[in-house]
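Just below is one structure, and these are the notes that go with it.
The values are calculated or read from the model by the stated rules, or taken from the named source; none is laboratory data. Just so it is clear, the model here is predicted, and its values are computed rather than measured. Neighbour counts run over all protein chains shown; Cβ positions are idealised from the backbone, glycine included. Note: areas computed on protein heavy atoms with side chains; ligands, DNA, RNA excluded. Shrake-Rupley method; radii C 1.70, N 1.55, O 1.52, S 1.80 Å.
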Amino acid sequence: AYRCTYGPEGMQPFYFSAGALALTGFSAEELIAGRPHLRELIHPADLPVVRERTRQALDEKLPFELEFRLRLPDGTEKWVLSRGHGVQDAGGRLFFFEGLVIDVTARKQAEAERLALERRLLESQKLESLGLLAGGVAHDFNNLLTSIVGNAGLARLDLAEGSAADTCLK
């Protein structure tokens, strides 16, 4: 769980639950003190989207939900789902926003494995279809060759052995 103010400098946290340590590798106190700043933990490719969608939801006074990657101190990445909403005064002015961050790395990995399995299955189905097609073409070609070889054998019966036509038919 978290609570942050939002101003010109972006998000400024003032509360993190104890789960912050397990999720990020940093204690709640470190994150509140800005060591490191939240923007340093969010994957650089995801940061613009996180900022834009959060700002838009807060401006429109709507809840937000987004998935993005966190970069941990040991270099690994975690996928997280952040759900939150703004808390406004009676006049509609934003006091702060709060929400939850849930680790969805296992789900993302399972999703990626499922997609890879589907791709392999599709590839094997394509290869199976290609094999059936090749087998059908080979069967049809073999039928044509059987007719040709059979007729050549019959034609040889009427020729003298060793003749030029017999040699060609052979």
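Please find, within the stretch 6-21, the residue that is farthest from Val104 (Cα to Cα) out of those that are at pLDDT 80 or above and open to solvent by less than 80 Å² (accessible area, probe 1.4 Å). First the steps, then the outcome.
Here is the first cut: in the stretch 6-21, the ones at pLDDT 80 or above are 12-21.
Adding the requirement that they be open to solvent by less than 80 Å² (accessible area, probe 1.4 Å) leaves 12-13, 16-17, 19-20.
Numbers: Gln12: 24, Pro13: 22, Phe16: 19, Ser17: 18, Gly19: 14, Ala20: 15 Å.
Checked the stretch 6-21; the qualifying residue farthest from Val104 (Cα to Cα) is Gln12.
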A careful count of residues in the stretch 86-123 that are within 16 Å of the chain's Cα centre (by Cα) and not acidic (Asp, Glu) gives 14
Within the stretch 69-95, which residues are part of a strand (DSSP E or B) and either more than 16 Å from Met11 (Cβ to Cβ) or in contact with a Ser or Thr (Cβ under 7 Å, 6 or more places away or on another chain) (or both)?
Arg69, Leu70, Arg71, Glu77, Lys78, Trp79, Leu81, Gln88
Is it true that Phe64 is of a type in the set (Phe, Trp, Tyr), under 22 Å from His37 (Cα atoms), under 31 Å from the mean Cα position of the chain (by Cα) and surrounded by 10 or more Cβ atoms within 10 Å (Cβ to Cβ)?
yes
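Does Leu127 satisfy the criteria of being among the aliphatic types (A, V, I, L, M) and under 30 Å from Ala28 (Cβ atoms)?
Here the answer is no, as Leu127 does not meet what is asked.
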On the given criteria, is Arg93 at pLDDT 90 or above and surrounded by fewer than 18 Cβ atoms within 10 Å (Cβ to Cβ)?
no
